[in-house]
Amino acid sequence: MGLLARAPAKALDEVWTAFGEEPAFTWLRPPETGGVMVRGRMGGTGAAFNLGEMTVTRCALRLADGGAVGHAYVQGRDKAKARQAALVDAVMQTERAEDCRERVLTPLAAQMEAARRARAARAAATRVEFFTMVRGED
């Protein structure tokens, strides 16, 4: 679910469309947008504090054929992305799970890793290395 939540909407749409026909479903909770409070900790161990609010879209659905339930929470206001993420969650609970992993999740993870490496390479190009020469005073 973290992969689906972090994935760019366009990339998720491309791999989901390539997966094939969308399964029939009924809404348990149609996509709705709201705000959540984001909390943080200094150094990961300090006392929790309110960092700020973030807009999220959530939904829940049930597949018509098997009754699998899918949920999604995604950052922003993209209702289509939330629907697709919930559908992937539901399909991963069916006999089509391995097919979904191979055709949706694995390519999506590969795209995101390639984007991460490209960002790291751009950042590395601007890296400045400092060194100290031995001055002989010791």
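Every number in this text was worked out from the coordinates using simple rules, so none of it is lab data. Quick caveat: nothing in here was measured; it's all calculated off a predicted structure. When we count neighbours, we look across all protein chains shown, and the Cβ atoms used for this are built from the backbone with ideal geometry, even at glycine.
Overview of results
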| item | result |
| --- | --- |
| Residue list for the range 41-63, restricted to those being loosely packed, with under 11 Cβ neighbours inside 10 Å, of a type outside the set (Val, Ile, Thr) and either over 21 Å from the mean Cα position of the chain (by Cα) or in a loop (DSSP other than H, G, I, E, B) (or both) | MET42, GLY43, GLY44, GLY46, ALA47, ALA48, PHE49, ASN50 |
| Unique match (being within 17 Å of the chain's Cα centre (by Cα) and more than 27 Å from GLN111 (Cα to Cα)) among VAL36, VAL88, VAL15 | VAL36 |
| VAL88, sole failed condition from (1) crowded, with 16+ Cβ neighbours inside 10 Å; (2) within 19 Å of GLY35 (Cα to Cα) | (2) |
| Enumeration of residues in the range 11-26 that are outside any helix (DSSP H, G or I) and farther than 14 Å from ASP89 by Cβ | GLY20, GLU21, ALA24, THR26 |
